[in-house]
1. Tell me, what is the percent relative contact order of the chain, built from C-alpha pairs under 8 Å that lie six or more residues apart?
2. So what is the 222 nm mean residue ellipticity for the chain from helices alone, if each DSSP H run of at least 4 adds -39500 (n - 2.57) and you divide by all residues, rounding to the nearest 500 deg cm²/dmol?
3. Only Cα pairs within less than 10 Å get springs; with that Gaussian network setup on the chain, which residue of A77, A148, A170 has the largest fluctuation?
4. Compute the relative contact order of segment 171-363 as a whole-number percentage, counting only Cα pairs closer than 8 Å that sit 6 or more residues apart in sequence.
5. In which sequence would S288, S332 go, from the one with the fewest C-beta neighbours within 10 Å to the one with the most?
6. When the dipole is taken about the Cα centre of segment 171-363, and only Lys, Arg (+1) and Asp, Glu (-1) are charged at their Cβ, what size is it in debye, to the nearest 20?
7. Where the convex hull is taken over the Cα atoms of segment 171-363, what is its projected area averaged over directions, in nm²?
8. Please report, to two decimal places, log10 I(q)/I(0) for the chain at q = 0.07, 0.14 Å⁻¹ as given by the Debye formula with identical point scatterers on the Cα atoms and no solvent.
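Please treat every number below as a calculation from the coordinates, not as lab data. Predicted model only: the values in this text are computed from it and were never measured. Ideal geometry is used to build each Cβ from the backbone, glycine not excepted, and the neighbour counts take in all protein chains shown.
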Amino acid sequence: MSATGCRGPAWAVIAGGGTGGHIYPGLAVAEALADAGRAELHFVVSRRRLDSEVVAAAGFAATGICARGFQRRIAAANLRAACALACGVWQCWGVLARTSPKVVLAQGGYVSAACAIAARLRGVPVVVLEANAVAGAANRLSARWAKACATAFDGTALAGAVRTGLPVRAAIARMHPDSPQGTAGGEARSAARAALGVAESRRLVLVTGGSQGSRRLNAAVDGACALLEDRSEVTVRHLVGQAGANQAPSPPSEDPHRGLHYQRLAYEHDMPAALAAADLVVSRAGGSALAESAAAGRAAVVVPMAGASADHQVANAAALAAAGAAVVIPESELNGQRLATEITDILGDPARLEAMQAAAARFAQPDAAGRVAALLIAAAGERSLP
């Protein structure tokens, strides 16, 4: 069933925003709910323009609210964050009053915390979706009154946690080898490469630091590309994000016929195609990035962000590495030489690359969106459609 936006009464409100990792899992759940006959959905997001644009492109209505993260220390900024949270709760109260949902999905972050608090005050059931191995503060709060807590990893410390896996977009879930609508074959890969301008003869390394980007990762990629400039069998598709959008590119070559082929983009508007075309993914260790690369069955080199809340990216990366699907580079060890070495070693060993890809597919939960949708339907006191 195709998804349709809801500007009146909604069956569910899906809350989360500020990063792609707090948007795309909710969109995947929305697709599953629409397929289950519950397409009247409304999103609550941050005021970041990209949030509303991504949700609108998927066919759903969204309301942007006040949201600001708290500092993990005594700071004047926390007073502003508290005021923003109170404002956000008030705005969410209005959204819930207008849409009268049967259930709220809280995806983590302070957008979802505001909506979960408003839902608690209005008596609307809440289901928590935690993307990381270590739960964030917002979800730890919301879990206190949630009907259910869906997690991406085993062992996440939330009351009543059920590992569903992290939902990914349907177009990515279909790449999984076990998908009945599988698009992981050579024909889909060839079509994706043609669309991206990548030759069939090349190995494609997809690099992403998330929608906001990572200056540290971008610098390491520039250094690695300089060392790999003679590798005519490799293409690097580098998504620099907001952090690198205004930086002058420094590729060794943008010529697809000479040496390393380098593509530089601020944002990838067709991530399913990019993953379909890729052989290896280099990324941060956010839950959404890892879930998407695993669902697509792609080997990964992951660089956990140092200083992330409760070191959740370190825990995420460790889980994927333990499954045999990833190599981890600590941020303190990240530089062009180390990154170039890891890329060369993996791409230069076809058996190892294939084993990592198979391990990624085993780690993935391609039916996660349906599992989370089932929890929402149960929390709303309804039965799933046959």
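1. On the way: 879 pairs, mean separation 61.5, N = 386.
Reported as a whole number, the value is 16 percent.
2. Values: 15 runs with 160 residues, N = 386.
Only helices count here, giving -12500 deg cm²/dmol.
3. Of A77, A148, A170, the Gaussian network model singles out A77 as fluctuating most.
4. Values: 376 pairs, mean separation 44.4, N = 193.
Over segment 171-363, the number comes to 23 percent.
5. Numbers: S288 24, S332 7.
Ranking S288, S332 by Cβ neighbours within 10 Å, fewest first, gives S332, S288.
6. Once rounded to the nearest 20, the dipole reads 200 debye.
7. Working: hull surface 39.4 nm².
About 9.8 nm², averaged over all directions.
8. The Debye formula, applied to the Cα set alone, gives -0.30, -1.18.
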